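Written below as structure tokens is the structure these notes are about.
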Amino acid sequence: MKICFISNLYSPFVIGGAEIYVERIAKALSENHEVAIITSVPYKNRNSLGYSFEVRGRVKVYSFYSLNIYHAYYTKRKPLFLKPLWHGLDLWNPHSYLVIRQILNLIQPDIVHTHNLNGFSLSVIDAVGRARFPLMHTCHDFSLLCPYATFKCPLREDASCSRPLFVCNVYRQLKKAVIANKPAVVVFPSKSTQSEYVKNNFFPLSRQEVLHYCIGPVTTNTRERKEEEPFNILYVGQLTEHKGVQVLINAFKGLSYGNANLHIVGSGDYGLTLKRMAGNDERIFFYGKVENADVTKFYAMADVTVVPSIWPEVFGIVILESFSHGVPVIGSNIGGIPEVIKEGYNGFLFSGYTSEALEGKVIKAVNMWKNEKAAYQAMVEHALSTDFSWKKNAKEYLMLYEKLLTEFHKMLEKVVTDNH
């Protein structure tokens, strides 16, 4: 099968989990199928209006610079006043439309699978439709509902965005009008993500599927813990306000248990603020951005990972990565997180975005680790047994692709029959 993924970002230009996921599932599928990626780069090629081509392993990569006032990769560095103009130009970008049509006509895929499209614009959807290829789309975030994709913008404090601003409602309605029901199948990483889109009447005629994210091979956690060792708490992810690291730092500083360390892996525009919050606390360590291959050593030393998000996290690949190393997770009881973390089974959930609530769960984890070793080890085993493997995920996608292809061919046959 010839599969074409379209993603606004792709390695090495990674901002969040969606780009990592697209790369991993593309590699998994390329073992038995022909896979191509159409993506963007944050610089102009020699032919600024055309595209470049390279082969990475078994994956063919087509990339180009999508014309706008700046590239999506640098969004967080740009001033607020430029963003409305950027989003306006990004609603339907004729340059992206033309280049992607050209690449699709060259590839002639059996299936086109679109992912995050900010920076390409929704003209991609029309490009696929005009080229008459069956289309599947995955909603990795809330970018069709919110300009910030997280329901967390600097103009208001409401983390759930239950009453969006007028301009946000206009944005939402325009996106809905452009994408309409054009994808035949829409995939959501979690039921909670699907619920948000259904609530806003997106994709009423598209077939909807929930397909959880996946992880690599399980790594058995064999490190011997010594009684005098500190309890190691780990955070891995972006240092942005909506990720809630500030809640974690406040909870950690309030811990009554003194022999503990907090390890923060990641970078972002909120990093300096978080370091000021940490102050001179020598138990808090910041490591900055770490390559994905090197994050393993942090999971190997961790006793618990914390995902303290204050926005409705779509799913949380970090949770699965932590589980794959046998590390239980404490997470916010919001979004897709409680679909993976089961209270007292493979981790703990806390509510309300408060450091006090998180502190209580951390203390519970410390007590289990220190005084109830059998119960803690059971959580480790349950984390390791969570089945979100690449092979399983690739097989599920292939089943969706094959079903979509069958439906698409039946539709074409009907059109031919009706015309005669």
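Bear in mind that the values in this text are calculations on the coordinates, not laboratory data. Computed from a prediction, not measured in an experiment: that's the story for all the values here. As a convention, Cβ positions derive from the backbone with ideal geometry for all residues, glycine included, and neighbour counts pool all protein chains shown.
Observations on the structure shown:
- Cβ-based exposure ranking for C139, C214, in which fewest neighbours within 10 Å come first: C214, C139
- Bridge type composition, the stretch 1-67 - antiparallel percent by DSSP, nearest 5: 30
- Most fluctuating residue given options L165, L400, L135, as computed from a GNM of the chain linking Cα atoms under 10 Å: L165
- Most fluctuating residue given options D269, D126, D90, as computed from a GNM of the chain linking Cα atoms under 10 Å: D269
- Cα-based helix-to-principal-axis angle, 166-179 vs the chain, degrees rounded to 10: 50
- Theoretical FRET efficiency, 1/(1+(r/R0)^6), r = Cβ-Cβ of K370 and Y287, R0 35 Å, to 0.05: 0.85
- When the C-alpha to C-alpha distance is required to be over 21 Å, the pairs from K2/K27; K243/K275; K199/K391; K60/K297; K44/K78; K2/K391 that qualify are K199/K391; K60/K297.
- Under 14 Å, Cβ to Cβ, from E356 - net charge with Lys/Arg +1 and Asp/Glu -1: +2
- Counting only DSSP beta bridges with both residues in the chain, the antiparallel share comes to about 10 percent.
- Rounded to 10°, Cα long-axis angle of helix 390-419 versus longest principal axis of the chain: 20
- Taking F350, F53 and counting other C-beta atoms within 10 Å, the order from fewest to most: F53, F350
- Counted by Cβ distance under 14 Å from D281, the other residues give a net charge of +3, where Lys and Arg count +1 and Asp and Glu count -1.
- Sorted by Cβ neighbour density within 10 Å, fewest at the top, the residues M301, M379: M301, M379
- Put simply, the convex hull of the Cα atoms in the stretch 231-384 casts, on average, a shadow of 7.9 nm².
- Positive contributions from Lys and Arg (+1) and negative ones from Asp and Glu (-1), summed over other residues with Cβ under 12 Å from the Cβ of H137, come out at +1.
- Proximal aspartates and glutamates to K76, defined as alpha-carbon separation beneath 17 angstrom and excluding residues fewer than eight positions away on the same chain: E19, D90, D141, E241, D269
- Gain upon complete extension [R58, K391; 0.36 nm per residue less C-alpha separation]: 118.2 nm
- Of E381, E339, E54, the one that fluctuates the most in a GNM where the chain has Cα springs shorter than 10 Å: E54
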